[in-house]
Amino acid sequence: MMGRGRGFPLSPREVAAAAAVLASFGLGLLGLYLSMPALDYGFLKLPRTLEDIRILRDHLESYTSDYTIQVLMCYFAVYIFMQTFMIPGTVFMSLLAGALFGVAGGMVLVILAATAGASSCYFLSKMIGRPLVFSLWPDKLSFFQDQVARRKDKLLNYMLFLRVTPTLPNTFINMASPIVDVPYRVFFLATFIGLIPAAYVTVRAGTALGELKSVADLYDFQAIATLFFIGIVTVTPTLVSKGQNEVHA
């Protein structure tokens, strides 16, 4: 595979396409903001710390009970926007979902929003992302392309393994999957199912924000070991199939 060379990776047409998508999101978010009932919105901001989450929770708890649909729509739109444009902080959004909607409601919200956001990023990357992925992650992209080519017959298992474990960043998976020809059906299923364990960890932590000292506490050794165990279980069929093929070759 060859990149586009040095310099800014996107062409003017690709920049214009990205700007058009960004503007569409901006107009949509503005429309949702204007449709919200009157309130002092001075506290609103994209969460970056646990303190930001606690402030949002304290201000939104009663508001959410009165205007549940509006809050859900805004949460969903912001989460998709952040994932589409690779804006860090979705872990804090997942914590907020737990704080506002509990474990069950928060998990449903986060899994749906994260799957939709990852899908939006997938299609944006399919449209204009190739030069950007080549520029940002050339080594990771070569590795990922090789692994996908080796596992065509059991690709869903491999993609589930990547989603469950922190082997590759989710942002990279979202951007690179269309570039290395991961079918959207496989991408969607792996995302929807594979994000469940991590969503449970963060959403459950969000229900007890007072006990959380830092985001690092979310993924202690036990949590990471559990995620890797689940990941190994998902990828085992791929390894067994590969071993059988080598024996019969």
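The values are calculated or read from the model by the stated rules, or taken from the named source; none is laboratory data. Since this is a predicted model, take the numbers as computed values, not measurements. Cβ coordinates were reconstructed from backbone atoms using ideal geometry, including for glycine residues, and neighbour counts include every protein chain displayed.
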Neighbours by Cβ (under 8 Å, 6+ apart or cross-chain): first from the stretch 137-165, in contact (Cβ under 8 Å) with a residue 40 or more places away in the chain and surrounded by fewer than 16 Cβ atoms within 10 Å (Cβ to Cβ); second small (Gly, Ala, Ser) and assigned to a helix (DSSP H, G or I): ASP153/SER241
Tally of residues being modelled with pLDDT of 85 or more and β-branched (Val, Ile, Thr) across the stretch 1-31: 1
Unique residue being surrounded by 17 or more Cβ atoms within 10 Å (Cβ to Cβ), touching an Asp or Glu at 6+ places or on another chain (Cβ under 9 Å) and either of a type outside the set (Val, Ile, Thr) or at pLDDT 90 or above (or both) when the list is PHE101, PHE92: PHE92
Residue satisfying condition, being loosely packed, with under 12 Cβ neighbours inside 10 Å, at pLDDT below 85 and among the aliphatic types (A, V, I, L, M), within set LEU39, LEU34, LEU46: LEU34
Any hit, the stretch 181-188, residues being aliphatic (A, V, I, L, M), outside any helix (DSSP H, G or I) and at pLDDT below 95: no
Answer from TYR75, TYR67 - the residue that is surrounded by 12 or more Cβ atoms within 10 Å (Cβ to Cβ), over 25 Å from the mean Cα position of the chain (by Cα) and not acidic (Asp, Glu): TYR67
Condition broken by VAL108, with the remaining ones in (1) in contact with a Phe, Trp or Tyr (Cβ under 7 Å, 6 or more places away or on another chain); (2) surrounded by fewer than 16 Cβ atoms within 10 Å (Cβ to Cβ) satisfied: (1)
Residue check, LEU56 within 18 Å of LEU109 (Cβ to Cβ), at pLDDT 80 or above and over 19 Å from the mean Cα position of the chain (by Cα): yes
PHE76 modelled with pLDDT of 90 or more and in contact with a Pro (Cβ under 6 Å, 6 or more places away or on another chain): no
Count of residues meeting criterion [farther than 14 Å from TYR184 by Cα and surrounded by 20 or more Cβ atoms within 10 Å (Cβ to Cβ)] in the stretch 111-131: 5
